């Protein structure tokens, strides 16, 4: 039995942050029902990455909404709204990630929903919180990364601000939302009370930066200075970074610069015996390393560094990773499908409980695909 079996989650969400939370709850056994507009549904259905469509819809949508059901309802229609309210009365969790004020206009804000179901856990995602000058600003991942200061940590010092090349704010926010939901469910099991869980993309991406923001807050407000070469962390000294080799790249983490110089047979690097200089003369050391590491292949360097337990790694592209036994043994690939349609390969839930990996072959639903089943299960009028 999966840990969340028996729980009903209603997902009033689109795009990534809210649906990623719903996905994780579904992976862990909850029955997740997407409430979607007839005709268009979740706008992510048409959010195409790299022109990759599958069965007429976005592969991204099908990835993040696998293992869910879809109930189509026009929330401006009185009959549909009443049916949804009956679902709410029987649900354990409600997730929404619309702009502030949207659920209030529909009469589905927390106070209204709580009057229908006092035990419900109401989980809400916003871009920047419910108050302040940014509350109405679009909660979009790139915009949040840019405002949060995150983009000034990536790239070298002579490069412009550089965002993460993936929706890091959305996915982190979804993970934080799940944490809050599960905490409220645990409390409800003890007290019988539901609760309101609120997260925002901005707060999540600020929390993601706690390590460097804490340094900034306690270091006289000095802006981080990115390395001018092979930057990988603005607050860490040499050798931290990714370096070119004769046939590829190698990643070097924290470690003694002196020991590294000795292992690589590079006396110019080994000469930096003052550990404070590993930061103050970071770029000088990195330039010496960058020139030296090009002399041999990645594997030749790893053959020296790994037996000495010096923290280092090859730098793989995805084809290399997927063909490596280290990846294969994890069994991370999941295949999902809808009846009569092309299957989609994606990643499974990364959580294991008592050794069990959670894999469901159920693909993302069509809009309103499950209306009849849901109406029957919850006693809704046809």
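What follows draws every value from the coordinates through simple rules; no lab data is involved. In this text, all values refer to a predicted model and were calculated from it rather than measured experimentally. Methodologically, a virtual Cβ is constructed for each residue, glycine included, from the backbone with ideal geometry; neighbour enumeration extends over all protein chains shown.
The angle separating the long axis of helix 17-27 from the principal Cα axis of greatest extent in the chain is about 80 degrees. Among 119, 259, 338, which one shows the highest mean-square fluctuation when the chain is modelled as a Gaussian network with alpha-carbon springs under 10 Å? Judging by the Gaussian network model, the answer is 259. Taking every alpha-carbon pair under 8 Å whose residues sit at least 6 apart, the chain reaches a relative contact order of 18 percent.
Measuring between their Cα centroids, segment 15-87 and segment 289-306 lie 48 Å from each other. By the count of other C-beta atoms within 10 Å, a proxy for reagent exposure, 99, 66, 188 are ordered fewest to most as 99, 188, 66.
Among 153, 116, 49, the residue with the largest mean-square fluctuation in a Gaussian network model of the chain, with springs joining Cα atoms closer than 10 Å, is 49. If you build a Gaussian network model of the chain, linking Cα atoms that sit under 10 Å apart, which residue out of 149, 355, 248 swings the most? Of 149, 355, 248, the most mobile in the Gaussian network model is 355. Taking the number of Cβ atoms within 10 Å of each Cβ as an exposure proxy, the fewest-first ranking of 1, 162 is 1, 162. Dividing the summed -39500 (n - 2.57) terms of all DSSP H runs of n ≥ 4 by the residue count of the chain sets its mean residue ellipticity at 222 nm at -10000 deg cm²/dmol.
Here 152, 318 are placed in order of increasing Cβ neighbour count within 10 Å, fewest first, which gives 318, 152.
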